[in-house]
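Enquirer: Quick one: the structure is below, questions incoming.
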Amino acid sequence: MSASPLVGDLDVSGVAVGALVSAGAALLPDVDHPSASVARSLPPLTVWVARLVSAVGGGHRGITHSLVGAVLFVALVAVTPWRAWSAVVCGVSVSVVPTVVGGVCVALAVRAVWKKSPGLVQWAVCLVGAVVCGVWSGAWMGVALICGWVSHIVADSVTVAGVPLVWPLRPRPLVDTPLWRRSGCFALPVLGKAGSGVEYGVVSVLVVAAVAWRAWMMVA
C-alpha cells in the first residue's frame with residue numbers, strides 16, 4: 001500500500017492509475033500548440049481548445065509554460081469541487097469531475113505513446129480511463145495533475161529553447177546566451193534540444209528508477 005497525508009492509501013491499481021493521470025497531465029502545458037500531441041488527442045475538441053489557448057496565451061510556450069500559468073493551474077486544481085457531483089454507474093458511485101479529468105489525462109498519456117492512434121480509439125481510451133478514474137478517484141488526483149504540469153515546465157527549462165518563466169514579460173538580453181535566450185526564455189540546457197536522444201535517455205533512466213523504487217517500497 002502507498003500512504004501519505006496528501007494521497008491517502010493506494011494499492012497497486014491506484015498507483016498505476018495515478019501514474020497514467022500524471023503522465024497525461026505532463027502534456028497539458030503543450031495545449032498552447034495546435035499541432036502538439038495533446039491537441040490531437042481527442043479530436044476535434046482538443047484541437048479547438050488548443051487554438052483558443054494559443055490565441056489567448058501568446059502562442060506556444062506562452063502562459064502555459066510560465067510561473068503565472070503554473071500558479072493558476074495549481075489554484076484551479078485547489079478550488080475544483082472534486083467530490084461535488086457524483087453519479088451511479090452500473091451500481092457503482094463515481095465522482096463526475098475526477099471521471100472526466102482522469103479520462104482526458106489517460107487519453108493524453110496513450111496518445112503520447114501511440115502518436116498516430118485514430119481519433120475513435122482515443123475517445124474509447126478516454127471513456128475507459130474515465131470509468132477507471134471515477135472508481136479510483138481520491139485526493140491523489142490533484143497531486144497527480146500538479147506533479148504532471150510542473151514536471152513539464154521543469155523538463156522544458158532544461159532544454160535549449162527554455163521557458164518564459166516571467167510571462168507576460170519577455171525580457172530580452174543584449175546577447176543571446178544559453179541561459180537567457182533572445183526569445184526572452186530562460187534555460188538550463190543540460191538536455192540539449194527537446195526530443196533529443198539525451199533527453200529520452202535521461203527520462204528513460206528516471207522512469208526505470210521511479211518504477212524500481214516504487215516496487216521496492218511495496219515489497220519492503
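Enquirer: In what sequence do Cys147, Cys133, Cys126 fall when counting other Cβ within 10 Å, fewest first?
Expert: Details: Cys147 17, Cys133 27, Cys126 23.
With the fewest neighbours first, Cys147, Cys133, Cys126 line up as Cys147, Cys126, Cys133.
Enquirer: Separate question: Mind giving me the FRET efficiency for Lys116 and Ala16? R0 is 22 Å, r the Cβ-Cβ distance, nearest 0.05 is fine.
Expert: Given R0 = 22 Å and the Cβ-Cβ separation, E is 0.35.
Enquirer: Within 10 Å of each residue's Cβ, count the other Cβ atoms and sort Arg181, Arg83 from fewest upward.
Expert: Least to most surrounded, the residues fall as Arg83, Arg181.
Enquirer: Something else: Fewest first, what order do Asp32, Asp176, Asp156 take by the number of other Cβ atoms within 10 Å?
Expert: If I rank by nearby Cβ atoms, fewest first, I get Asp176, Asp156, Asp32.
Enquirer: Starting from the amide H of Ser86, placed 1.01 Å from N in the peptide plane, find each other amide H under 5 Å away whose residue is 5 or more places distant or on another chain.
Expert: Amide H to amide H, under 5 Å and 5 or more residues apart or across chains, Ser86 pairs with Val96.
Enquirer: Starting from the amide H of Ser183, placed 1.01 Å from N in the peptide plane, find each other amide H under 5 Å away whose residue is 5 or more places distant or on another chain.
Expert: HN-HN under 5 Å from Ser183: empty list.
Readers should treat all values here as calculations from the given coordinates under stated rules, not as data from a laboratory. Quantities reported herein were computed from a predicted structural model and do not represent experimental measurements. Neighbour counts run over all protein chains shown; Cβ positions are idealised from the backbone, glycine included.
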